[in-house]
Amino acid sequence: MTERLTQAQRRAESTERLHRAFAELVCEQGYVLTTAAEIGERAGYSRNMVRDRFGSKEALFFDFTIATFLRPQRRSAAEGGTGLDRVLRMVDDVRTQAERDPVSLRASYVIMFESVVEGHPLSKPVLGGLATHTDRRARHLADGIADGSIRPDLDPRTEAELMLAEGMGIAYDDVVGLSGRPLPALLIFWRAEVEVRLAPRATRAGAPGPDG
Amino acid sequence: MLRPVLGADRRDARELPRRPPGVSTEAPGHGDRQEQRREASADRLRRALAELICEQGYSATTNAQIGERAGYSRNMVRDRYGTKDALLLDVFEHALTTLAPDRGGRPGNGRERAVRTVDLIRRLAETEPTTQRALNVVTLEGAAADHPLAGVARAAIDRFYAVVAAAVVEGIADGSVRSDLDVEAELQLLRIRITGSGFVDAARLSARSPAERIAALCRDLDERLRP
């Protein structure tokens, strides 16, 4: 069938191609060094396509982030279950993303890393987003302590920061290829470690924590 | 001990000479005073680069800015090191060799040496916080595959964990590390914790200081390794 695409279909397809080109180029050379013209050309369009469609590379980043991460996460209905369930679901959501679209996930990691540089154009939204993410994790941990699914001697804030560090360490491993292990395997390894660490004492495998 | 390599293949990092030409400590036929002056100016250039990385990143920093920040001419980096990359290698090298874990012998058992190696990061954070932050920023800034900095951090990280792994294996042999330890899994966990901590610190996402965070990781490592 040689049915012509509707305008909406063409628009959706070109958006998808621009998102893909953006993610690939960020993985290869980072956000700062990638130009709007390169993204347009990589996607198979003109050098002006990003500007015409989104206005700027930064606006494309926000569109990409909403489509790739925020919409799917909202659908995962993160508020059900025990506190432990919710903490672990945050890990599982990343694994789902890693299996579905590893390039987009890796691109977002590269941008997170770059954004620690002072004056990076995306520092505020990216690091602010991670701070919000960590606050949410601390709340789930506190809920888990209250409902008995997480050991009571943990400090939710300290544990949330440790999990942020571990998650970002896994992200770094994925981007740089430190261990050579695929991201889903790293996430399964991490989830198992977190599950043992958070379990209430009675069900833990006899290993006391560093302070107890 | 750790010699990061700029521009090397990320999976096959080759070693470069320890020091770039022009900062040799073995210049023959010259007095101590000239040698001291050279070391002092190298130190000022390293500090200037570290400060500028913290302020604006590595990519945005120019040779001219480094020379002027150090109190010299715009050409000083080029004259002394040739390139900004060579100076960066010297910053890595200097930070890590001056903190080498086993200078003056290898006291203690394997577990203690493993923990002490990780503790070097805390010592660097306490004695040279600007350098430590700069190394974190560079490591993250150059993470993209084809970035000119790709390979620098990877080589440093690989060397660092090779030292820790050797100490852990020695600890199993001397009885200071539990014999049923999964060494590969333990090092994997340690590596993600430390590289991730570098991010959390560089991004200022923790209320605790880098030194406090690494000290907590060291205490936990010691617990996990104990028989």
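The table below gives the values:
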quantity	calculated
Matching residues in segment B:207-218 - criterion: being surrounded by fewer than 20 Cβ atoms within 10 Å (Cβ to Cβ) and free of Cβ contacts under 8 Å to residues at least 40 places away in the same chain	B:Ala207, B:Arg208, B:Glu212, B:Ala216
Residues of segment A:182-191 satisfying the condition of being open to solvent by less than 20 Å² (accessible area, probe 1.4 Å) and either among the charged types (D, E, K, R) or within 8 Å of chain B (Cβ to nearest Cβ) (or both)	A:Leu186, A:Trp190
Selection count, segment B:205-227, where residues are under 21 Å from the mean Cα position of the chain (by Cα) and more than 8 Å from chain A (Cβ to nearest Cβ)	9
Any hit, segment B:97-108, residues being touching a residue at least 24 places away in the same chain (Cβ under 8 Å), assigned to a helix (DSSP H, G or I) and hydrophobic (A, V, I, L, M, F, W, C)	no
Residue ID - farthest from the other protein chains (Cβ to nearest Cβ), chosen from residues in segment A:149-181 that are open to solvent by 10 Å² or more (accessible area, probe 1.4 Å), farther than 18 Å from B:Asp158 by Cα and outside any helix (DSSP H, G or I)	A:Ser149
Residue in segment B:60-71 that is modelled with pLDDT under 95, part of a helix (DSSP H, G or I) and either among the hydroxyl-bearing types (Ser, Thr, Tyr) or open to solvent by 10 Å² or more (accessible area, probe 1.4 Å) (or both) present	no
Qualifying position, being open to solvent by less than 60 Å² (accessible area, probe 1.4 Å) and assigned to a loop (DSSP other than H, G, I, E, B), among A:Gly44, A:Gly40	A:Gly44
Hits in segment B:194-223 (condition: basic (Lys, Arg) and modelled with pLDDT under 95)	B:Arg204, B:Arg208, B:Arg213
The lone exception for A:Thr82 - which of (1) crowded, with 16+ Cβ neighbours inside 10 Å; (2) within 13 Å of chain B (Cβ to nearest Cβ) it fails	(2)
Residue tally, condition closer than 19 Å to B:Val200 by Cβ and touching a Leu at 6+ places or on another chain (Cβ under 9 Å), over segment B:129-160	13
Any hit, segment A:15-35, residues being farther than 30 Å from A:Gly119 by Cβ, touching a helix residue (DSSP H, G or I) at 6+ places or on another chain (Cβ under 9 Å) and open to solvent by 70 Å² or more (accessible area, probe 1.4 Å)	yes
Contacts under 6 angstrom Cβ, first residue in segment A:22-45 being more than 18 Å from A:His120 (Cβ to Cβ) and more than 12 Å from every other protein chain (Cβ to nearest Cβ), partner part of a helix (DSSP H, G or I) and open to solvent by 50 Å² or more (accessible area, probe 1.4 Å), 6 or more apart	A:Ala43/A:Arg17
Cβ pairs under 6 Å, 6+ apart, first in segment B:191-204 and within 7 Å of chain A (Cβ to nearest Cβ) and in contact (Cβ under 8 Å) with a residue 24 or more places away in the chain, second open to solvent by 10 Å² or more (accessible area, probe 1.4 Å) and polar (S, T, N, Q)	B:Ala202/B:Asn136
Any hit, segment A:85-97, residues being open to solvent by less than 20 Å² (accessible area, probe 1.4 Å), under 23 Å from A:Glu195 (Cβ atoms), without any contact (Cβ under 8 Å) to a residue 60 or more places away in the chain and more than 10 Å from every other protein chain (Cβ to nearest Cβ)	yes
Residue in segment B:151-166 that is more than 14 Å from chain A (Cβ to nearest Cβ) and touching a residue at least 40 places away in the same chain (Cβ under 8 Å) present	yes
Out of B:Asp158, B:Asp146, B:Asp201, sole residue that is assigned to a helix (DSSP H, G or I), open to solvent by 40 Å² or more (accessible area, probe 1.4 Å) and under 22 Å from A:Tyr109 (Cβ atoms)	B:Asp158
Scan of segment A:109-139 for residues that are more than 25 Å from A:Glu159 (Cβ to Cβ), in a loop (DSSP other than H, G, I, E, B) and facing another protein chain (nearest Cβ under 8 Å), ordered by number	A:Val117, A:Glu118, A:Gly119, A:His120
Selected residue [basic (Lys, Arg) and over 30 Å from A:Leu154 (Cα atoms)] from A:Arg89, A:Arg20	A:Arg20
Test: residue in segment B:175-185 that is within 12 Å of B:Thr117 (Cβ to Cβ) and surrounded by 15 or more Cβ atoms within 10 Å (Cβ to Cβ)	no
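The values are calculated or read from the model by the stated rules, or taken from the named source; none is laboratory data. Not measured: the values here are computed from a predicted model. Ideal geometry is used to build each Cβ from the backbone, glycine not excepted, and the neighbour counts take in all protein chains shown. The protein model used for the area step is the full one, side chains on, heavy atoms only, and it has no ligands, DNA or RNA in it. Shrake-Rupley method; radii C 1.70, N 1.55, O 1.52, S 1.80 Å.
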